[in-house]
Amino acid sequence: MIIQLTDTGKRFNQDWIFKHLSIQFTTQKSYVITGPNGSGKSTLLQCIAGSSNLSEGSIQYSINNSLVNDAAIHQEISIVAPYVELIEEMTAKEFLQFHFSFKPLLKNISVQQILTEINLEKAANKQIRYFSSGMKQRIKLAQAVFAQTAILLLDEPCTNLDTTGYHLYHQLINNYCREKIVIVSSNDVNEYDFCEEKISIMDFKN
């Protein structure tokens with residue numbers, strides 16, 4: 001998988017969030033988008049995800065030199081973000097089963113194994129609305145990391161996690177995401193210290 005952004009820009013009203021941004025993201029590499037709060041990191045991530053339209057420039061996705069159209073690319077993208085909602089009336093097990101009916105699981109992994117991996121096996125049949133914020137974040141990580149997708153987008157992925165949660169996050173990335181394009185949006189070095197390439201949104205303001 002290759003994601004190619006060419007002379008891209010995004011603005012709200014008359015204010016440009018970023019301009020003249022050209023970059024290529026490739027499989028088996030990890031990237032971080034940095035910048036002050038409110039600088040547009042999440043906006044850029046949403047543009048890459050296809051959930052927010054660019055104001056100028058283009059973005060193309062390709063697999064083995066063949067372009068992937070906008071309708072199909074959503075099957076190749078998983079995302080973790082504060083604005084991603086969970087279905088809180090469902091149990092953890094029900095939610096993961098529901099999610100993976102839309103996006104296939106990684107090979108040789110079951111929902112029960114996932115729950116054990118993220119230390120929620122004892123809460124498998126508990127409604128998500130009764131979970132702590134940290135438990136909910138683990139579910140968010142699981143639905144994205146364990147999906148058979150080529151692209152993993154992580155917007156402040158350790159929100160509400162404690163030290164043990166940070167350790168789990170790094171384990172998941174290391175064990176299950178080596179073949180993906182991983183793009184992190186964060187100011188917390190502990191969320192992106194594994195990333196190979198850094199993109200500062202502040203470099204694309206003019």
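The values are calculated or read from the model by the stated rules, or taken from the named source; none is laboratory data. None of the values given here were measured: they were computed from a predicted structure. Heads up, the Cβs are rebuilt from the backbone with ideal geometry, glycines too, and the neighbour counts pull from every protein chain shown.
Taken together, Gln143, Gln137 contain a single residue that is more than 25 Å from Gly40 (Cβ to Cβ) and among the polar types (S, T, N, Q), which is Gln143. Of the helices (runs of 4 or more DSSP H) entirely within the range 133-206, those holding at least 2 residues that are of a type in the set (Gly, Ala, Ser) occupy 133-145.
For the range 68-121, a residue qualifies if it is closer than 23 Å to Ile3 by Cβ, part of a helix (DSSP H, G or I), among the charged types (D, E, K, R) and free of Cβ contacts under 8 Å to residues at least 60 places away in the same chain, and exactly one does: Asp70.
For the structure I just gave you, tell me whether Glu196 is at pLDDT 95 or above and in contact with a strand residue (DSSP E or B) (Cβ under 7 Å, 6 or more places away or on another chain). Yes: the conditions hold for Glu196. The numbered conditions (1) at pLDDT 95 or above; (2) at positive phi are all true for Gly50 except (1).
Residues are listed down the side, and each one gets a yes or a no for (1) over 20 Å from the mean Cα position of the chain (by Cα); (2) modelled with pLDDT of 95 or more:
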| site | (1), (2) |
| --- | --- |
| Asp15 | yes, no |
| His20 | yes, yes |
| Ser42 | no, yes |
| Ile59 | no, yes |
| Val68 | no, no |
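The residues of the range 122-133 that are within 21 Å of His167 (Cβ to Cβ) and either without any contact (Cβ under 8 Å) to a residue 12 or more places away in the chain or surrounded by fewer than 16 Cβ atoms within 10 Å (Cβ to Cβ) (or both), listed by number, are Lys122, Ser132, Ser133.
Within the range 1-53, being touching a residue at least 60 places away in the same chain (Cβ under 8 Å), of a type in the set (A, V, I, L, M, F, W, C) and assigned to a helix (DSSP H, G or I) holds for Leu44, Leu45, Ile48, Ala49.
Which one is nearest to Val145 (Cα to Cα), of the residues in the range 54-67 that are touching a residue at least 24 places away in the same chain (Cβ under 8 Å) and not hydroxyl-bearing (Ser, Thr, Tyr)? Spell out how you get there, then give the answer.
Initial filter on the range 54-67 (touching a residue at least 24 places away in the same chain (Cβ under 8 Å)): 54-63.
Next cut, not hydroxyl-bearing (Ser, Thr, Tyr) only: 54, 56-57, 59-60, 63.
Details: Leu54: 26, Glu56: 31, Gly57: 29, Ile59: 23, Gln60: 23, Ile63: 20 Å.
Result: Ile63.
Any residue in the range 148-164 that is within 11 Å of Gln137 (Cβ to Cβ) sitting within a Cβ distance under 9 Å of a residue that is outside any loop (DSSP other than H, G, I, E, B) and acidic (Asp, Glu)? List the pairs, counting only those 6 or more apart or interchain. Filtered contacts from the range 148-164: Glu156/Glu191; Pro157/Glu191; Cys158/Glu191. Going by the conditions given, is Tyr31 touching an Asp or Glu at 6+ places or on another chain (Cβ under 7 Å) and of a type in the set (Ser, Thr, Tyr)? When the stated conditions are applied, Tyr31 passes them.
Picking from residues in the range 178-201 that are small (Gly, Ala, Ser) and under 14 Å from the mean Cα position of the chain (by Cα), the one that is surrounded by the most Cβ atoms within 10 Å (Cβ to Cβ) is Ser185. Quick check, is Ser62 surrounded by 14 or more Cβ atoms within 10 Å (Cβ to Cβ), among the small types (Gly, Ala, Ser), in contact with a strand residue (DSSP E or B) (Cβ under 6 Å, 6 or more places away or on another chain) and outside any loop (DSSP other than H, G, I, E, B)? When the stated conditions are applied, Ser62 does not pass them.
Considering the range 35-47, and only residues there that are touching a helix residue (DSSP H, G or I) at 6+ places or on another chain (Cβ under 7 Å) and on the phi < 0 side of the Ramachandran plot, the residue that is surrounded by the fewest Cβ atoms within 10 Å (Cβ to Cβ) turns out to be Ser39.
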